[in-house]
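Nothing in this text is a laboratory measurement; each read-out follows from the coordinates by a stated rule. Worth saying up front: this structure is predicted, and the values here are computed from it rather than measured. Here Cβ is always computed from backbone atoms with ideal geometry, including for glycine, and neighbour counts include all displayed protein chains.
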Amino acid sequence: MLDGPRLSPASGGKPNALVILLHGYGSNGDDLISLAALVQPFLPDAGFVAPEAPSQIPHMANARQWWPIESFSPVERASGADAAASGLDMFITHELAQAQLPDDRLLLIGFSQGSMMALHVGLRREQPIAGIIGISGMLVAPERLAADMRSRPPVLLVHGTEDQVVPFRSMEMASRTLAAVDVRVETHVSPGLGHSVAQDGLSAAADFARRVLASSGATPAIS
C-alpha cells in the first residue's frame, strides 16, 4: 500500500474532505506536502496526504517515480500509467474509508507525472470525485478516454507557457479531449513560467478546490 506525509485539518476537527497530492517524476511526498501547506488555509477542514510513488529512481536519493521514463513515448506513458493505476486506486479507496468520507469529498492534485496519474485514475473511478487539478501535466492515452472513463469530475488544468519538460500545448490537447467527452474543464495559463507552479496557479487551484468541494455531490457518474 502506498503511503506518505500527511497534514491534519487546520481546524483541528475531523476532516470533511480529503486532498491527495501526487508528485512528479524524481520528486517525493515531502515536496508535495509543502504545496499542501500553501493550499490548507483555503481548505481548513480538509485532510491532506501526499503518497510516495511506488518505485525509487536508481542511484537518486529520495527520488520516486510512478513509472520509469526512458523514451517519453505515448506507449511508454500508457503502459506506465496503467501499471501504476491499480495501486493508486487502492490507496484512494483505503484513504476514503479511513476518513469515513464518500468519493465526492475527494480532490486529486497532481504535478507533472503525478498530474498524469490524477487524470488517469480519477476519471476511471466508478463514483465521481469532487475534482481533479492537473499542474504541468498531460492526458495519457487520450484515444482511450471515452471508452475507459467511468465518471466526469470537474477538472482544472494549470500550465506555464515556457514549460520545456511537458510542452504547454499539452494543456490545450487535454482540454479539447476532456471537453469532447463532456467533462467540465477549466484552464489556467501562467505566462512565462517553466515546469513549475507559481502563485497565480496556486490561487487558481485554491479557488477551484473551494468551489468543487462546496458543490460536491453534483458530479454525475456514467450510466
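For Ile133, list long-range residues whose amide hydrogen, built 1.01 Å from N in the peptide plane, is under 5 Å from its own amide hydrogen.
For Ile133, whose amide H was placed from the backbone, the distant partners under 5 Å are Leu108, Ile109, Gly110, Leu156.
Using the Karplus curve 6.51 cos²θ - 1.76 cosθ + 1.60 with θ = phi - 60°, what ³J(HN,Hα) values do you get for each residue of the stretch 89-100, in whole Hz, with x for Gly and Pro?
Along the stretch 89-100, the couplings run 4, 5, 4, 4, 4, 5, 5, 5, 5, 4, 8, 6 Hz.
Longest exposed-loop-site-free stretch of the chain, with trypsin sites (Lys or Arg not before Pro), DSSP loop and at most 16 other Cβ within 10 Å? Working shown, then result.
Values: sites that count: Arg124, Arg150, Arg184.
No qualifying site falls inside 1-123, the longest such stretch.
In whole Å and largest first, what semi-axes does the C-alpha gyration tensor of the stretch 124-223 yield when each eigenvalue is scaled by 5 and square-rooted? Mind dumping the intermediate values first?
Details: eigenvalues 111, 60, 14 Å².
They are 24, 17, 9 Å, listed largest first.
At 222 nm, what value in deg cm²/dmol follows for the chain if DSSP H runs of at least 4 each add -39500 (n - 2.57) and the sum is divided by all its residues, to the nearest 500?
Values: 6 runs with 79 residues, N = 223.
Calculated at 222 nm, the ellipticity per residue is -11500 deg cm²/dmol.
Run the numbers for Ala179 and Ser79: contour at 0.36 nm per residue of separation, minus the present Cα-Cα distance, in nm. Could you put the intermediate results ahead of the total?
Working: separation 100, 0.36 × 100 = 36.00 nm, distance 2.40 nm.
Separation in residues times 0.36 nm, less the Cα-Cα distance, equals 33.6 nm.
Based on the Cβ-Cβ distance of His59 and Arg144, what FRET efficiency does E = 1/(1 + (r/R0)^6) give at R0 = 30 Å, to the nearest 0.05?
0.35
Round to a whole angstrom and tell me the spacing of the C-alpha centers of the stretch 72-89 and the stretch 1-48.
With the stretch 72-89 and the stretch 1-48 each reduced to a Cα centre, they are spaced 23 Å.
Work out, step by step, the length gained on full extension between Ile69 and Gln98: first 0.36 nm times the residue separation, then minus their alpha carbon distance; give nm to one decimal. Show your work: numbers first, answer last.
Details: separation 29, 0.36 × 29 = 10.44 nm, distance 3.27 nm.
Working it through step by step, the gained length comes to 7.2 nm.
What percentage of all Cα-Cα pairs in the chain are separated by more than 34 Å? Intermediate values should be presented prior to the final figure.
On the way: 1288 of 24753 pairs.
Of the Cα pairs, 5 percent sit more than 34 Å apart.
Rounded to the nearest 20 Debye, what is the dipole magnitude of the chain about its Cα centre when Lys and Arg each give +1 and Asp and Glu each give -1 at the C-beta? Let's see the in-between values first.
On the way: 15 positive and 22 negative charges, 82 e Å.
That gives a dipole near 400 debye.
Pop a pseudo-label 7 angstrom from the Cα along the beta-carbon direction at both Ala37 and Glu172 and give the gap in nm to one decimal.
3.8 nm
Would you please give the residues with an amide H less than 5 Å from that of Ser55, counting only those at least 5 places away or on a separate chain, with H modeled from the backbone geometry?
Here the answer is Gln65, since their amide H atoms fall under 5 Å of that of Ser55.
With θ taken as phi - 60° and the coefficients 6.51, -1.76 and 1.60, list the Karplus ³J(HN,Hα) couplings across the stretch 55-67 in order, rounded to whole Hz; mark glycine and proline as x.
10, 7, 6, x, 6, 10, 6, 6, 10, 10, 8, 6, 7
So who's got an amide H within less than 5 Å of the one on Leu139, skipping anything under 5 residues away but keeping other chains? H placed 1.01 Å off N, in plane.
Ala174
Evaluate the distance, in nm, between pseudo-label points positioned 7 Å from the Cα of Ser196 and of Met90 along their respective Cα→Cβ axes.
3.7 nm
How much length would be gained if the chain were fully extended between Glu162 and Asn16, taking 0.36 nm per residue of separation minus their Cα-Cα distance, in nm to one decimal?
Numbers: separation 146, 0.36 × 146 = 52.56 nm, distance 3.69 nm.
Extra length available between Glu162 and Asn16 comes to 48.9 nm.
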